[in-house]
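Asks: Would you mind keeping the following structure in view while I ask a few things?
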Amino acid sequence: SMDKTVQVSLVMPDSYDTSKKKYPVVYLLHGYGNNHSSWPKFVKTLVDDHQIIAVCPDAARDSWYFDSPMRKDYRYETFFTKELIGFIDAQYRTESRREKRAIAGASMGGHGALYLAMRNKDLYGAVASMSGGLDIRPFHRKYKIATHLGAIDKSKELFDEHSCITNIKHIKTGDLAINIDCGTEDFFIEVNRSFSAELKKQGIEHNYLERTGSHGWKFWRDSIVIHMEFLDEVFSQEETEKVKGKK
């Protein structure tokens, strides 16, 4: 859809080469200025511990994971939802049901994870955000957002349409398992608090955690451990329910 090659890194559990089983998948999104190689070094042990495949795609460092109405080479929602998932499921032994597929990310990737999950809840069973930029409108002059949406005074509707907080309308409680955290010294803390408050207002169940910390890898190295445990519990829940049903 973008007429270009997109690099994607996969982190496989050691058991993949010796096992014939299928694995749950976590799509792990990088932040602003990073790329597909940012997450793999932090999750190798985790994919073994939780027996999952981590898919780490590139998002051009500044895409914010939506389809830009101004740039044909920035159609990342279309790429993720209509191209990447199908490719991964066809090439690798994945559990292809939404209940076994999750999406997570940090910073710009936290925004991307929630934005894509809420708008495509038929594809994902769970979503996790670390220090996400969950409302891009207060930051319209930063992070090249205006490059993709235009100046906010001329395109306010586009900023509304492409902000996570205004896309909560696409879900109801139970549609997604949601886990969110943010550091108390993070410049995105207020938009995270507002996002959680809006979820509560809409009656949508979710986990929200604030911890001491700022915006960066020191915080996210701990966060990814917490979120992977959450996602593992979500993936395991269906199996537990099947066992209960057989009794």
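Asks: How do the pairs read when you match residues in the range 66-83 that are free of Cβ contacts under 8 Å to residues at least 60 places away in the same chain and at negative phi with residues anywhere that are outside any loop (DSSP other than H, G, I, E, B) and hydrophobic (A, V, I, L, M, F, W, C), using Cβ under 6 Å and keeping only pairs 6 or more apart or on different chains?
Replies: PHE80/LEU116
Asks: Also, quick follow-up: More than 29 Å from HIS162 (Cα to Cα) and small (Gly, Ala, Ser) - does that describe any residue in the range 7-30?
Replies: yes
Asks: Can you confirm whether SER37 is open to solvent by 10 Å² or more (accessible area, probe 1.4 Å) and either in contact (Cβ under 8 Å) with a residue 12 or more places away in the chain or on the phi > 0 side of the Ramachandran plot (or both)?
Replies: For SER37, the condition - open to solvent by 10 Å² or more (accessible area, probe 1.4 Å) and either in contact (Cβ under 8 Å) with a residue 12 or more places away in the chain or on the phi > 0 side of the Ramachandran plot (or both) - is met.
Asks: Let me ask you something else. Need the failing condition index for ILE152 against (1) outside any helix (DSSP H, G or I); (2) under 19 Å from LEU29 (Cα atoms), just the number.
Replies: Here ILE152 clears every test but (2).
Asks: Being touching a His at 6+ places or on another chain (Cβ under 8 Å) and closer than 29 Å to SER15 by Cβ, is that true of even one residue in the range 92-105?
Replies: Scanning the range 92-105, I find at least one residue that is touching a His at 6+ places or on another chain (Cβ under 8 Å) and closer than 29 Å to SER15 by Cβ, so the answer is yes.
Asks: Okay, moving on. Here are the criteria: (1) over 20 Å from ALA104 (Cβ atoms); (2) of a type in the set (D, E, K, R); (3) assigned to a loop (DSSP other than H, G, I, E, B). Tell me which single one ASP160 does not satisfy.
Replies: Answer for ASP160: the failing condition is (3).
Asks: Determine whether ASP3 is touching a residue at least 60 places away in the same chain (Cβ under 8 Å), among the acidic types (Asp, Glu) and open to solvent by 30 Å² or more (accessible area, probe 1.4 Å).
Replies: Spelling it out, ASP3 is indeed touching a residue at least 60 places away in the same chain (Cβ under 8 Å), among the acidic types (Asp, Glu) and open to solvent by 30 Å² or more (accessible area, probe 1.4 Å).
Asks: Tally up the residues in the range 204-240 that are part of a loop (DSSP other than H, G, I, E, B) and within 17 Å of VAL127 (Cα to Cα), please. Break it down stepwise before answering.
Replies: Within the range 204-240, the first condition is being part of a loop (DSSP other than H, G, I, E, B), and the residues that meet it are 204-206, 212-216.
Now restrict to residues that are within 17 Å of VAL127 (Cα to Cα): 204-206.
Total satisfying the criteria: 3.
Asks: Considering only the range 40-58, state which residues are in contact (Cβ under 8 Å) with a residue 40 or more places away in the chain and either among the polar types (S, T, N, Q) or within 20 Å of ALA126 (Cβ to Cβ) (or both). So that I can check it myself, show each step before the final result.
Replies: Restricting attention to the range 40-58, the residues satisfying the condition of being in contact (Cβ under 8 Å) with a residue 40 or more places away in the chain are 42-43, 46, 49-50, 52-58.
Listed by number, the residues that qualify are PHE42, VAL43, LEU46, ASP49, HIS50, ILE52, ILE53, ALA54, VAL55, CYS56, PRO57.
Asks: If you go through the range 131-149 one residue at a time, how many are open to solvent by 30 Å² or more (accessible area, probe 1.4 Å), hydroxyl-bearing (Ser, Thr, Tyr) and in a loop (DSSP other than H, G, I, E, B)?
Replies: The number of residues fulfilling the criteria is 1.
Asks: Going by the structure shown, is ALA60 touching a helix residue (DSSP H, G or I) at 6+ places or on another chain (Cβ under 9 Å) and either more than 21 Å from LEU231 (Cβ to Cβ) or at pLDDT below 95 (or both)?
Replies: Judged against the criteria, ALA60 is a match.
Asks: Let me ask you something else. Please pick out the residue among ALA128, ALA102 that is open to solvent by less than 30 Å² (accessible area, probe 1.4 Å) and either touching a Pro at 6+ places or on another chain (Cβ under 9 Å) or free of Cβ contacts under 8 Å to residues at least 12 places away in the same chain (or both).
Replies: On inspection, the qualifying residue turns out to be ALA102.
Asks: Further question: Checking GLN51 against (1) modelled with pLDDT under 95; (2) of a type outside the set (Val, Ile, Thr); (3) on the phi > 0 side of the Ramachandran plot: exactly one of these is not met. Which one?
Replies: (1)
Asks: Would you tally the residues in the range 173-193 being of a type outside the set (A, V, I, L, M, F, W, C) and either part of a loop (DSSP other than H, G, I, E, B) or surrounded by fewer than 14 Cβ atoms within 10 Å (Cβ to Cβ) (or both)?
Replies: 7
Asks: Specify which of the listed residues (LEU114, LEU28) is within 11 Å of the chain's Cα centre (by Cα), within 23 Å of ALA146 (Cα to Cα), open to solvent by less than 20 Å² (accessible area, probe 1.4 Å) and modelled with pLDDT of 95 or more.
Replies: Exactly one residue qualifies, and that residue is LEU114.
The values are calculated or read from the model by the stated rules, or taken from the named source; none is laboratory data. Being a predicted model, the structure only gives us computed values, none of them experimental. Positions of Cβ are generated from backbone atoms using ideal geometry, with glycine treated the same way; all protein chains shown enter the neighbour counts. Calculation scope for accessible area: heavy atoms of the full protein, side chains included, ligands and nucleic acids excluded. Shrake-Rupley method; radii C 1.70, N 1.55, O 1.52, S 1.80 Å.
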